[in-house]
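The values are calculated or read from the model by the stated rules, or taken from the named source; none is laboratory data. Note that this is a predicted model, so its numbers are computed, not measured. As a convention, Cβ positions derive from the backbone with ideal geometry for all residues, glycine included, and neighbour counts pool all protein chains shown. Calculation scope for accessible area: heavy atoms of the full protein, side chains included, ligands and nucleic acids excluded. Shrake-Rupley method; radii C 1.70, N 1.55, O 1.52, S 1.80 Å.
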Amino acid sequence: MSYIAVLKEKRILVVGAGTTGKSVASFLASISATFSVIDEEILVLDSFDVLNNLPNDNSFDIAIVSPGWRKDHPVFTSLHAQGTEVISELDFAWLLKQELNPEQKWLALTGTNGKTTTVQMLESILISAGVSAVACGNVGRTVVEAVTNPKRFSVLALELSSFQISWSSLPEYEAISILNIAEDHIDWHGTFAEYAQAKLKLLSQTSIALLNLGDSEVDLRSAGWNGRKIFFGLETPQAGEIGLVEELLSERAYVNSSDSAEVIAELSDVQPSVPHNVSNAMAAAGLALAIGIAHPTVKSGLANFKLDRHRLELISSRDGIKWVNDSKATNPHAASAALLSHLSNIWIAGGLAKGAKMDDLILRTSSRIKAAIIIGKDGELIASALTKHAPKVRLYRISSEQGAEDLMDRVVSCAMDIASDGDTVLLAPACASMDQFKSYVERGDLFAASVTRLVGR
């Protein structure tokens with residue numbers, strides 16, 4: 001009997017009523033399966049009622065879990081006690097794929113930062129090659145949506161969070177990439193070691209891995225893996241690597257001879273050509289090459305790609321001052337990359353730190369910080385680190401009781417008073433946004449709106 005036919009005979013619980021849970025519920029409804037949805041906060045999901053607690057007669061056969069739920073949640077203790085099969089949305093999608101589109105190839109990437117940009121670069125390359133492909137997972141469509149789409153994509157480019165990887169074990173990836181590993185989501189994983197281990201778990205589900213040679217955590221923690229490692233970095237590539245030769249992205253990993261090299265793209269094809277974005281391009285190119293995409297097509301795909309909003313987004317450039325929105329920098333590692341992309345920053349920072357420490361960030365970037373405008377619940381973590389490690393950096397604390405829009409107007413007005421010719425006013429908060437904004441998107445949008453209104457284009 002097919003897997004989908006089996007599902008129709010089971011009593012199913014969808015755990016989580018957010019974006020992932022909604023897509024799972026929609027698919028189950030489309031096959032007339034019997035299911036319930038549970039969530040701690042959401043009461044109604046479209047036309048489906050949502051449980052806030054497990055019923056006393058808990059007799060579910062399968063529970064399909066959205067990735068943000070911690071494994072030690074009491075719901076799972078109860079489900080396991082009743083003998084319920086608990087499966088992640090990612091593994092569920094894999095089982096559906098095996099029936100609906102068994103020839104579909106999965107490419108996956110993860111990292112603390114750069115995931116969305118890199119997976120969108122990969123999607124651009126695949127589309128330039130004429131491949132029926134889509135980016136999904138932690139960006140755009142959920143994996144279930146992508147697998148069950150009537151288009152029956154030939155390739156899925158999956159952006160995977162540590163939560164998704166931690167919950168998953170079934171997919172077999174054609175190739176994977178680990179971009180970087182830095183402190184993040186400690187509140188969910190408990191320790192940095194557990195967080196890093198979740199990222200490295202992808203290695204057990206592939207035979208080819210694109211690994212960042214410039215990231216010591218990736219390099220050291222992958223040392224014991226015996227699959228095919230293709231390192232990428234910003235130096236001249238050695239045999240089996242991808243790297244930079246003057247103004248050219250070059251590879252010595254997929255060529256016929258270890259003595260030869262092949263040009264992937266020109267540095268100017270990657271915009272902006274800042275170091276972390278060039279690394280992203282190398283990872284995307286390496287994944288595409290792993291499934292046989294031709295070099296000229298990789299070049300075209302990279303050249304056609306444009307950064308998404310809220311990632312080093314130039315909002316305004318007036319009187320020698322640049323105003324840049326990098327609201328997607330929700331952890332210290334991402335903020336570091338943004339700060340090092342400019343020489344003199346008026347840095348807007350703060351929000352929810354998610355258990356992260358700020359000392360290493362300040363030690364690495366203090367020479368690029370002229371002044372810091374501190375906002376948010378955990379802003380004082382950043383202020384304390386600056387006071388300790390960079391006491392000459394001027395601090396400005398901004399708050400507002402009038403809401404998020406007024407807060408951002410106050411931030412921009414403060415920056416206008418501080419900034420001078422040659423400075424970059426950079427929103428790269430190193431923190432999540434939900435203490436003062438609905439999302440990093442709203443935070444970035446309000447910053448852009450305030451700059452446009454108060455500074456002009």
If amide H atoms are modeled at 1.01 Å from N in the peptide plane, then the residues at a separation of 5 or more from Arg397, or on another chain, having amide H under 5 Å from its own are Ile374
Sorting His80, His276, His189 by accessible area (1.4 Å probe), largest first, what list results?
-> His80, His276, His189
D_trans [Stokes-Einstein, Kirkwood Rh over alpha-carbon pairs] for region 339-437, 20 °C, 1.002 mPa s, µm² s⁻¹ | 160
Report the convex hull volume per residue for region 256-321, counting only C-alpha atoms, in Å³.
-> 114
What pairs from Lys71/Lys306; Lys71/Lys354; Lys115/Lys201; Lys115/Lys322; Lys322/Lys354 go past 27 Å between their alpha carbons?
-> Lys71/Lys306; Lys322/Lys354
Alpha carbon convex hull of region 18-114, volume per residue in cubic angstrom = 136
Å³ per residue of the Cα convex hull, for region 53-191?
-> 121
What FRET efficiency comes out for the pair Glu85/Glu401, r = Cβ-Cβ distance, R0 = 51 Å, nearest 0.05?
-> 0.55
Size of charge dipole - the chain - debye, nearest 20, with Cβ of Lys, Arg +1 and Asp, Glu -1, no other charges = 380
Rounded to the nearest 5, what is the percent of antiparallel bridges among the DSSP beta bridges in the chain?
-> 20
Specify the inter-centroid distance of region 383-457 and region 192-213, based on alpha-carbon positions, in whole Å.
-> 35
Amide H contacts under 5 Å for Phe231, placed H, 5+ residues apart = Leu211, Ile242
Report relative contact order for the chain in percent, whole number only (criteria: Cα-Cα under 8 Å, sequence separation at least 6).
-> 11
Would you kindly give the portion of the calculated P(r) for the chain that falls above 29 Å, as a percent of all Cα pairs?
-> 52
What is the set of long-range amide H partners of Ile315 at a cut-off below 5 Å, with H atoms built 1.01 Å from backbone N?
-> Trp323, Val324, Asn325
Taking region 111-191, which trypsin sites (Lys or Arg not before Pro) meet the DSSP loop condition and have no more than 15 other C-beta atoms within 10 Å?
-> Lys151, Arg152
Each residue of region 95-105 in order: what ³J(HN,Hα) in whole Hz does its phi give by Karplus 6.51 cos²θ - 1.76 cosθ + 1.60, θ = phi - 60°, with x for Gly and Pro?
-> 5, 5, 4, 4, 8, 7, 8, x, 8, 4, 9
Can you work out the FRET efficiency for the pair Lys388 and Leu170, with r the C-beta to C-beta distance and R0 = 45 Å, to the nearest 0.05?
-> 0.45
